[in-house]
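Please read the structure below before turning to the comments.
Each value in this text was obtained by applying a stated rule to the coordinates, not by laboratory testing. Quantities reported herein were computed from a predicted structural model and do not represent experimental measurements. Positions of Cβ are generated from backbone atoms using ideal geometry, with glycine treated the same way; all protein chains shown enter the neighbour counts.
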Amino acid sequence: MHTADPDARALHALAETARERAYAPYSAFTVGAALRTTDGTVVTGGNVENGSYGMTICAERSAIVRALAQGYRTFSAIAVAGPAASVPPCGACRQFLAEFADGGFPVTFPRDGELVTLTLDELLPERFAL
Ligand code: THU
């Protein structure tokens, strides 16, 4: 089973708070992400939409880029929160995460109304890497 543990639930609560600072005027689908670094710091992000829709940045990539800009390079977990019963990270965010995380990296998100934790390998088998 993939039921989220207490640490993952706490991280998800921070992702839920980060939704408040998302910028999603076009879809109204506010997403938050909370990324834990290996030193225990949590860096959050929200989706940032744009009138030129394709330029939209997801919450997960927002959190990762923010953490990288702050100098973090190693991460231990991420949680995603959103307004739907299921908010799995999109394919682009899985690949983006794969640049900085190994296959066992835990990703927590709502699925059918419950919080689950899957590994990055489960979410993105056969990742692309140079
Ligand atoms: N979104 C995310 O922030 N993360 C995902 O993994 C999937 C989708 C955002 C993008 C867009 O602003 C809104 O959700 C609706 O697609």
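Determine the percent antiparallel among the DSSP beta bridges restricted to the chain, to the nearest 5. Counting only bridges with both partners in the chain, antiparallel ones make up about 85 percent. Only DSSP H runs of four or more residues enter the estimate; each adds -39500 (n - 2.57), and after division by the residues of the chain the mean residue ellipticity at 222 nm equals -8000 deg cm²/dmol.
Short-range pairs are left out: with C-alpha atoms under 8 Å and at least six residues apart, the relative contact order of the chain is 23 percent. Just so you know, the Rg over Rh for the chain is 0.94, from Cα atoms, with Rh as the Kirkwood radius. What separates the Cα centres of region 87-125 and region 28-69 is a distance of 14 Å.
Here the chain is treated with +1 on each Lys and Arg Cβ and -1 on each Asp and Glu Cβ, and its dipole about the Cα centre works out to around 340 debye.
Using θ = phi - 60° in the Karplus curve 6.51 cos²θ - 1.76 cosθ + 1.60, the 3J(HN,Hα) couplings for region 73-82 round to 10, 10, 10, 10, 5, 9, 10, 10, 10, x Hz; x is entered for Gly and Pro.
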